[in-house]
């Protein structure tokens, strides 16, 4: 009865509060999210919204990796677009299954990151943001205006659609939304775990140091350009993967949908509302911004200019009054709960110890 | 050189004059305050709407309307810097010269004002007709629109004026001091935030002059500013941060590259070439052609 013993041990650790509250909350949320598609079986609209939340949370978390190293990327839609266009074109024109195409997509997105990253990461401050913005703009212009690149048809700004294959897992197409749901959930959970892991790794500490004070970090022997480049390339590759999934899920793509400046701003907005430069922040931002965006779309559909105005106001308010995003109060609340209710006794012990230590 | 190529170069110089004026305004903001004014294009378009409606409703010629638009632009710019950006500067650590947050703040501001313009004025194309200085001058095979020539003239005069202001007046000294080292300028008793706001207002005013001078031949739409502002960023980087003469030179270079590029290929490839120049300059010579500020 080894399994039972494992569960008992887990229960014991929970009772003795050896597991931090954060992990317990993550587990509960994950279980709830796993139940969602079954609970809303007949309401695929809600499931769709949650999938959209996962996708944008994923994008923002990938974007946040650049932020963790202290840089601001303002052209992330380019990498998302490269991912989407690569898998989409490979499948619809060359019949390559997205399961393979996604690797090409990741490769090309990383290549784009190398092209823009290697020359610019020695520059400080806003120049990197400007260069990523210019890169995104160039890619957008190319895709919008070229009909063919070599033998490849890219549509010249038109909507491209993916041929439907019905229930075909081999080419990553499904009839119901549930498989997409779990794929997106796995991707989100995976990237947040990855981001957390990076944050706690040696490289993550380097990122934090560079972000805090680049000169001080370099004086301690950290090669700032190298570690920034790594953060950027990892982010590009993961964004390319996200773009590939985005395209497979929506089954159509156009420059406006995956490459436009507004998409770069949307990614940045989600990241900033959640908490730029934090691990969990961008994901939380996705859970806040996507439902807001959907509500705006439903209620103000007649005034298409209204939602960008509201996005702009949200962005300005957060930058002015809550520059670290909702992540900060969220984490503070978590700490408070943990101190107050989850481990009150241990805390008291700690305080006693501290008092003893001081004496 | 064929006649068409000469014509393309001359058109490029005329276009470059417009880029130079917009870039001159941006250069004051970007070069001195080190704020990436992402909303520069939208601010210009809003001011051009003001000039347009002065003409449309009151019949004031855009060239005369400048007398109203430019002071409004100055006040608008002063207000933006004073109300929106100053708190950011006060919050950031003292040695952060180019707060990234301000870039995002201005991106948000750009979303708000450009979409407000879309909401208020619709996606309609507005244009002024029948203002002063219609017609064109003929030089052999070249036919130059007078109104476009005026923009180049305005660019040259404004460049000279701003150069004189920055280099030969006490206010200019203070502005340059703040641009070089904010802390040291503050220690010398300069009210840094007042100078910043003045500079921002000045930048908006210069841009408004360009916008009004372009109004007689340039139709306005809510999002027309973005493309112009992006080129203005290219011009500022190419000319050199904080370099007034560099902005004029680079503006004309970019204008010529764009029209000549469009002459041989098409306009979207020309735009790609312009942004490729931007990337190359940022990477290989970030201080620009005539720049002095090290980055």
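The values are calculated or read from the model by the stated rules, or taken from the named source; none is laboratory data. Nothing here was measured: the structure is a model prediction, and the numbers come from that model. Positions of Cβ are backbone-derived with ideal geometry, glycine not excepted, and every protein chain shown enters the neighbour counts.
Can you spot a residue in region B:101-110 that is in contact (Cβ under 8 Å) with a residue 60 or more places away in the chain, more than 30 Å from residue A:215 (Cα to Cα) and not in a loop (DSSP other than H, G, I, E, B)?
yes
Residues that are modelled with pLDDT of 85 or more, buried (at least 22 other Cβ atoms within 10 Å of the Cβ) and over 30 Å from residue A:67 (Cβ atoms): does region B:93-113 have at least one?
Checking region B:93-113: not a single residue is modelled with pLDDT of 85 or more, buried (at least 22 other Cβ atoms within 10 Å of the Cβ) and over 30 Å from residue A:67 (Cβ atoms).
Within the group A:278, A:307, which residue is crowded, with 23+ Cβ neighbours inside 10 Å, modelled with pLDDT under 90 and farther than 20 Å from residue A:33 by Cα?
A:278
With respect to the numbered conditions (1) buried (at least 20 other Cβ atoms within 10 Å of the Cβ); (2) out of contact with any strand residue (DSSP E or B) (no Cβ under 7 Å at 6 or more places or on another chain), which one is the sole condition not fulfilled by residue B:68?
Tallying (1) buried (at least 20 other Cβ atoms within 10 Å of the Cβ); (2) out of contact with any strand residue (DSSP E or B) (no Cβ under 7 Å at 6 or more places or on another chain), residue B:68 fails exactly one: (1).
Out of the residues in region B:168-205 that are loosely packed, with under 13 Cβ neighbours inside 10 Å and touching a helix residue (DSSP H, G or I) at 6+ places or on another chain (Cβ under 8 Å), state the one that is nearest to residue B:84 (Cα to Cα).
Taking the candidates together, the pick is B:184.
Tally the residues that are more than 9 Å from chain B (Cβ to nearest Cβ) and out of contact with any helix residue (DSSP H, G or I) (no Cβ under 7 Å at 6 or more places or on another chain), restricting the search to region A:294-320.
Qualifying residue count, region A:294-320: 5.
Here is a yes/no grid of residues against (1) in contact with a strand residue (DSSP E or B) (Cβ under 8 Å, 6 or more places away or on another chain); (2) at the interface with another protein chain (Cβ under 10 Å from one of its Cβ atoms); (3) assigned to a loop (DSSP other than H, G, I, E, B):
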residue	(1), (2), (3)
B:225	no, no, no
B:231	no, no, no
B:237	no, yes, no
B:255	no, no, no
B:260	no, no, no
B:268	no, yes, no
B:279	no, yes, no
B:283	no, yes, no
B:288	no, no, yes
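Got a number for residues in region A:94-110 being surrounded by fewer than 18 Cβ atoms within 10 Å (Cβ to Cβ) and within 10 Å of residue A:79 (Cβ to Cβ)?
Residues that pass the stated criteria total 0.
Part of a helix (DSSP H, G or I) and more than 12 Å from residue A:240 (Cβ to Cβ): which single residue out of A:30, A:123 fits that description?
Values: A:123 fails: part of a helix (DSSP H, G or I).
Residue meeting the stated conditions: A:30.
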